[in-house]
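Everything on this sheet refers to the single structure shown next.
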Amino acid sequence: MCPQGVDFNADGVNDLVVGTMEGVAFLVPGSTSGFKQPERVLDCEGRHILLGKFFNREASKWDETDRSPKGKKNPVDHCVAVVAVDWDADGDLDLLLGAKEGRFYLRKNKGKKGQPEFTAYNEPIPAGKSVLEVPGELTAPRLVDWNDDGRFDLVCGSHDGGVYLCENKGKKGKPAFGKPETLIPPGGQPRFMGSGSGNLPAEPLRPTSGCYVDAVDYDGDGDLDLLVGGRCTWKPEERQLTAAEQQRVKELLAEEKSAQAEMEKLDAKASRSEEERATWSQLYRKLEDLDKELCTYLPRPRSAEFVWLYRRR
């Protein structure tokens, strides 16, 4: 999720470092002819770099493990973001792991430039007397020098629609973060359609969930602006329908009800045949098409992804 372009193996070509919903850190090596196949990043003991919760490919199920420092017990967090950064200013890249739950962990590199050996445990990142934690569940962090003081800061998006700044108040080789500051407040709307949709705006006004952010000098004025990709839910105002439109709505609602009933029957089965799975997929697509047409007549809640620009003042 939200890959980072960086020369991970010090060969002069940018690679991609990325966290995924699987919960494991991935590297996509770059080359002069393009990107190679993704590979899981390993620690100094030859194990996958992850937090606590991950999808076990061998067992085909969600699983848990412990990568806590000796004598400590970290929460069972789920890694969704990976950032390569020279955290301790020793000339090689360390890994900052971001958890869906909002917390951050460090894997220090004991190797050398281009030949990493990452520690086998997750070191929680402190923030004052607590640990560094982004509200509203983390989507992805970005390393930027937000205040132009020569130190890298963290700008983070959240699932609840907010964007936060974690300012680095430490010094070179010893980052120290304070509590997250709000750059964009949470969306204040339900994350999914159908729950509490009565207070929705009549048009998409701002991102309200799943915010992924990049900091960039968009307008060339010398400071960093925010590009924020996220989902918005809104509900158009009701309009007067013609007799023909009213008839069409009745037909669409009847088709929708019938398709939903068929899907519920399939959902109730403990297991489904290949033909039944194909039927379920067809019904799902049909319901999407029906809803799309119904939205042209009825003030139903709608949801879509957009990219918004927030200029810095």
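The values are calculated or read from the model by the stated rules, or taken from the named source; none is laboratory data. Keep in mind it's a predicted model, so treat the numbers as computed, not measured. Don't worry about glycine lacking a Cβ; one is built from the backbone with ideal geometry, like all the others, and counts go over all protein chains shown. For accessibility, only protein heavy atoms count, side chains too; no ligands or nucleic acids. Shrake-Rupley method; radii C 1.70, N 1.55, O 1.52, S 1.80 Å.
Between Arg285 and Arg151, the contour length at 0.36 nm per residue exceeds the Cα-Cα span by 43.4 nm. Across the chain, the relative contact order, built from alpha-carbon pairs under 8 Å that are at least six residues apart, equals 11 percent.
Under 25 Å of direct C-alpha separation, and excluding same-chain neighbours fewer than eight residues apart, Lys257 reaches these lysines: Lys235, Lys265, Lys269, Lys286, Lys292. Would you compute the Debye intensity of the range 52-153 from its alpha-carbon atoms alone, equal scatterers and no solvent, and pass along log10 I(q)/I(0) at q = 0.11, 0.13, 0.19 Å⁻¹ to two decimals? Those come out to -0.38, -0.53, -1.08, one per q. Relative contact order of the range 194-281, taken over Cα pairs closer than 8 Å and 6 or more residues apart, is 23 percent. Note on Lys70: aspartates and glutamates with a C-alpha under 12 Å away, same-chain residues under 8 apart excluded, are Glu123.
Rolling a 1.4 Å probe across all protein chains gives Glu288 an accessible area of roughly 100 Å². For the chain, the longest principal axis of the alpha carbon atoms and the long axis of helix 243-267 meet at an angle near 60°.
Sorted largest first, the spans of the alpha carbon positions of the range 1-112 along the three principal axes are 40, 33, 26 Å. Every helix of 4 or more DSSP H residues in the chain counts as -39500 (n - 2.57), and over all residues that averages to -5000 deg cm²/dmol at 222 nm. Measuring how big the chain is from its alpha-carbon positions, Rg and Dmax come out at 23.3, 74 Å. Listed by chain and number, the lysines whose alpha-carbon sits under 25 Å from that of Lys72, ignoring those within fewer than 8 places in the same chain, are Lys53, Lys100, Lys108, Lys110, Lys129, Lys174, Lys179.
How much of the accessible area of the chain, in percent, comes from carbon and sulfur atoms when a 1.4 Å probe is used? The computed percentage sits at 49.
In the full protein context, the chain carries 55 Å² of accessible surface per residue, based on a 1.4 Å probe and ignoring ligands, DNA and RNA. Put simply, when 242-248, 165-171 are sorted by average Cβ atoms within 10 angstrom per residue, most first, you get 165-171, 242-248.
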